[in-house]
Amino acid sequence: EKIFYTGNEIISAILHYDLHYNCKPEVEVKIYGNLPEIVTVSAMDLCTIFSNLLSNAITSAKQCAEIFKPQITIWFSGGNTFFSIATENSIIPPQKDGLKKKRDRNHGYGLKKINEVLEKYGGRCERSIEQQSMTIKIYLPI
């Protein structure tokens, strides 16, 4: 089992648990960087952000496992005034035939919680989709 050190005990614990118990072995996971000491964001709010980001990435990547080799890449970095966490994960592109999947009634709840935390601390989020991957970058003050 791989051990990942992120510079933050809470983030590392979430990462190890979710990758070990919730992620399929077919999903290739890459992790880069580490986090600086974070004193401006509560442990609970940091947990809310990262657990939702990682859960969404794992869920999407697992759905791709039967179609192609899925990937999850996570970046941690810190600057003088902000730190960032970014996830990039494989996705199944939206279907163009107009058919909609049955929507989970909790779908979107995690992103709502992330946005609430970002608003609380003056952070921001960038989202992008390109071909078969989605990237979400979170920026919060140190």
Checking Tyr32 against (1) at positive phi; (2) not in a loop (DSSP other than H, G, I, E, B), the condition it does not meet: (1)
Out of Lys69, Lys2, Lys30, Lys24, sole residue that is loosely packed, with under 14 Cβ neighbours inside 10 Å and farther than 23 Å from Ile92 by Cβ: Lys2
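So that you can scan it fast, the table gives a plain yes or no per residue for (1) of a type in the set (A, V, I, L, M); (2) more than 22 Å from Ser133 (Cβ to Cβ); (3) part of a helix (DSSP H, G or I):
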{"site": "Tyr5", "(1), (2), (3)": "no, yes, no"}
{"site": "Leu19", "(1), (2), (3)": "yes, no, yes"}
{"site": "Val39", "(1), (2), (3)": "yes, yes, no"}
{"site": "Ile49", "(1), (2), (3)": "yes, no, yes"}
{"site": "Ser77", "(1), (2), (3)": "no, no, no"}
Filtered residue count, region 20-60, keeping only those that are of a type in the set (Gly, Ala, Ser) and under 12 Å from Ile74 (Cα atoms): 2
Long-range neighbours under 6 Å by Cβ, at least six apart or interchain, first residue in contact (Cβ under 8 Å) with a residue 40 or more places away in the chain within region 1-27, second among the hydroxyl-bearing types (Ser, Thr, Tyr): Thr6/Ser12; Ile14/Ser51
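We did not get these values from a lab; they are worked out from the coordinates using the rules stated. Values in this document were obtained by computation on a predicted structure and should not be read as measured data. Cβ coordinates were reconstructed from backbone atoms using ideal geometry, including for glycine residues, and neighbour counts include every protein chain displayed.
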